[in-house]
Amino acid sequence: MVGPPRVTGDDGSRTTCLIAYLSPHSLSTNLAMRGAIERLEEIAVTECGLKPHQLHMGGPPVDNITIDIEGEKTLLRLAGLSGIVGLVLSYLCFRNWRLTGVVLATAILSAGASLAFVFYYGVIEVFGWGASAPRLGRVDAILMSMPAVVYVLALSGAIHLVNYYRDARRE
């Protein structure tokens, strides 16, 4: 017996489900996966008439991309905050802008070098060893925290080295 469509919401809306599998090419890299997920969202909004808040997606690819996007937002927000805190702490330790600049430059360059190391390892994997895509030389959600950790450690080490140098000069 065929009856009227089953109503699930107070406003008379119906719930629909779509199960989609991504191709092996779409799953090969985070960039390809991100493009596939964004394209699915675009199709749902433009061609199906859904509002973004009505679309609920799940599964490992969506989880990975969501974690990456939120990690990027958090990294940018915390990078500025870490820079300000590092500047204030360094100046309070030294009371000298030149030493503060040297210490901050050391910490920032160390954080940048840690990311560059990962990137260039991926370049070596692809061009040097013939891999189709980098396996270890790519930044994921876990490695997004690495620059902040390296920054804090380099800042601490540089402050200690400058203080050791000042103590040796006094003696």
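The values are calculated or read from the model by the stated rules, or taken from the named source; none is laboratory data. Computed from a predicted structure; not experimentally measured. In this analysis, Cβ positions are derived from the backbone assuming ideal geometry, glycine residues included, and neighbour counts consider all displayed protein chains. Ligands, DNA and RNA are stripped out before the accessible areas are found, and what is left, the full protein with its side chains, is counted by its heavy atoms. Shrake-Rupley method; radii C 1.70, N 1.55, O 1.52, S 1.80 Å.
Condition check ((1) in contact (Cβ under 8 Å) with a residue 12 or more places away in the chain; (2) open to solvent by less than 60 Å² (accessible area, probe 1.4 Å); (3) farther than 30 Å from residue 137 by Cα; (4) part of a helix (DSSP H, G or I)) across all residues:
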| position | (1), (2), (3), (4) |
| --- | --- |
| 41 | yes, no, no, yes |
| 56 | no, no, yes, no |
| 61 | yes, yes, no, yes |
| 66 | no, no, no, yes |
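On the stretch given as the stretch 90-123, residues that are closer than 17 Å to residue 149 by Cβ and open to solvent by 90 Å² or more (accessible area, probe 1.4 Å) total 3. Considered as a group, the residues in the stretch 83-140 that are among the small types (Gly, Ala, Ser) and in a loop (DSSP other than H, G, I, E, B) include one that is farthest from the chain's Cα centre (by Cα), and that residue is 130. Residues in the stretch 144-171 that are under 15 Å from residue 86 (Cα atoms) and either open to solvent by 50 Å² or more (accessible area, probe 1.4 Å) or modelled with pLDDT under 80 (or both): how many? Qualifying residue count for the region: 5. The listed residues are 133, 79, 116, 141, and the only one of them that is among the small types (Gly, Ala, Ser), farther than 29 Å from residue 167 by Cα and at pLDDT 90 or above turns out to be 116.
All told, residue 49 falls short of being without any contact (Cβ under 8 Å) to a residue 24 or more places away in the chain, under 30 Å from residue 136 (Cβ atoms) and out of contact with any Leu (no Cβ under 7 Å at 6 or more places or on another chain).
When restricted to residues that are modelled with pLDDT under 80 and either in contact with a helix residue (DSSP H, G or I) (Cβ under 7 Å, 6 or more places away or on another chain) or open to solvent by 50 Å² or more (accessible area, probe 1.4 Å) (or both), the stretch 26-39 contains 5.
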